[in-house]
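Worksheet for the structure shown next.
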Amino acid sequence: MLSIKELSEKFNNLDISTKRLIVVSSIILLLFLMVTGLFGPLLFILLILFGVMSSRYYKIKKAVQKDFKENHLQRFLQEIFPDATYFPDGSIIDVNGCRECNLFPVKKEWCETEDGLKMTFGKNNDISLEYVEVYTYVIKHDEDGDEYKETLFRGGLFKYTFFKKFKDNIYVIPNKTKNGKPVHGLLGGEKPEFDPSKAEKDLHEIQLEDVEFNELFSVFSANDEESFFILTPQYMSLMKDLYKKHDGKIRFKFSDNYMFIAISEIDLFDFDLEYNSNRQFDEEKTFEKCVNQTKEEIRGLEEFATTLELGNSIFY
């Protein structure tokens, strides 16, 4: 495997050669166009060049990401969160753990996880956070009999463990995205709307006092009183902020001593390549950006969980 330094040099050489290729190709194509006046072949050639360059860029980017995750990410994370542990294969939460949240459908043979994270925080380090990126799907066949994957859920699952318990299950499900589009059952998928009451008995929808919150979310539980205890004005405000940040593609479940948050299309450890002033790949800037975006996301959700912990009256 190439080292990160070798990858950097390879990418920078690729960047230089790509620029040269673009300049030479542009001159040749311009001369060709001036002589023949044919636009069709020009477009075809440009599409081929674009495809080749995109493919090469993607391969280098994936190699840099792989090296960063395997050899650098654990160290970077521990500089911010001292007890953080990174699980490249996502084994920290398995298929059964994904099923437990009941926020998206999971089939054992069609569920993939990667990029797991475990850490603790809170006033006494008494909140445990586990995170994993999840991809669930079903195999279907088109009219010609060819197989294809239909995505059920792709995103991040956060699991918080408290030392105290909630009395009953509570689901908080978005009604629509930030731009007003309906949110279907699978966080933006093409399935019927999600209804927790069909998955668990005795659940019913609860209306809260915050009008805006009721427009954004539907709350389901068998315990009205506890729902009002947990979903305080301060907590609903934080949930509305998260809703707006993630375009409504977020849902919550409070159960036993756990809180689950499923966010569609989130990828904590994905990042684009950054460049220095000479337009060369800058590994330090690239890694710093990845770590900062991870830190920002986790800090926001850390505040969310800590605020819940401080409301001791909601636990028994």
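The values are calculated or read from the model by the stated rules, or taken from the named source; none is laboratory data. Just so it is clear, the structure is predicted and the values come from calculations on it, not from any experiment. Please note: Cβ atoms are built from the backbone with ideal geometry, for glycine as well, and neighbour counts cover all protein chains shown. These accessible areas exclude ligands, DNA and RNA; they are computed on the full protein's heavy atoms, side chains included. Shrake-Rupley method; radii C 1.70, N 1.55, O 1.52, S 1.80 Å.
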Response to the item:
Within the range 245-256, residues under 15 Å from the mean Cα position of the chain (by Cα) and of a type outside the set (Val, Ile, Thr) come out as LYS245, HIS246, ASP247, GLY248, LYS249, ARG251, PHE252
Worksheet item: Could you give every pair whose Cβ atoms fall below 6 Å, whose first residue belongs to the range 92-120 and is on the phi < 0 side of the Ramachandran plot, and whose second residue is basic (Lys, Arg), counting only separations of at least 6 or pairs across chains?
Response: ILE92/LYS118; VAL95/LYS108; CYS101/LYS253; LEU103/ARG251; LEU103/LYS253; VAL106/ARG99
Discussion item. With the structure loaded, tell me whether ASN169 is over 21 Å from SER264 (Cα atoms), touching a residue at least 40 places away in the same chain (Cβ under 8 Å) and open to solvent by 30 Å² or more (accessible area, probe 1.4 Å) or whether it fails that test.
Written reply: yes
Practice prompt. Looking only at the range 184-197, decide whether some residue is at pLDDT below 90 and in a strand (DSSP E or B).
Written response: no
Fill in: Count of residues meeting criterion [part of a loop (DSSP other than H, G, I, E, B) and open to solvent by 40 Å² or more (accessible area, probe 1.4 Å)] in the range 213-248
3
Worksheet item: Just wondering, is there one or more residues in the range 111-119 that are part of a helix (DSSP H, G or I) and of a type in the set (A, V, I, L, M, F, W, C)?
Response: no
Worksheet item: Does ASP146 satisfy the condition of being out of contact with any strand residue (DSSP E or B) (no Cβ under 7 Å at 6 or more places or on another chain), at pLDDT 85 or above and surrounded by 13 or more Cβ atoms within 10 Å (Cβ to Cβ)?
Response: no
Practice prompt. Inspect all residues belonging to the range 257-266 and state whether any of them is modelled with pLDDT under 75 and open to solvent by less than 20 Å² (accessible area, probe 1.4 Å).
Written response: no
Response to the item:
Being open to solvent by less than 70 Å² (accessible area, probe 1.4 Å), part of a strand (DSSP E or B) and in contact with a helix residue (DSSP H, G or I) (Cβ under 7 Å, 6 or more places away or on another chain) narrows VAL138, VAL132 down to just VAL138
Fill in: Hits in the range 107-127 - residues which are over 15 Å from the mean Cα position of the chain (by Cα) and under 23 Å from ASP270 (Cα atoms)
TRP110, CYS111, LYS118, MET119, THR120
Worksheet, complete the sentence: Residues in the range 101-121 that are crowded, with 18+ Cβ neighbours inside 10 Å and not β-branched (Val, Ile, Thr) total 12
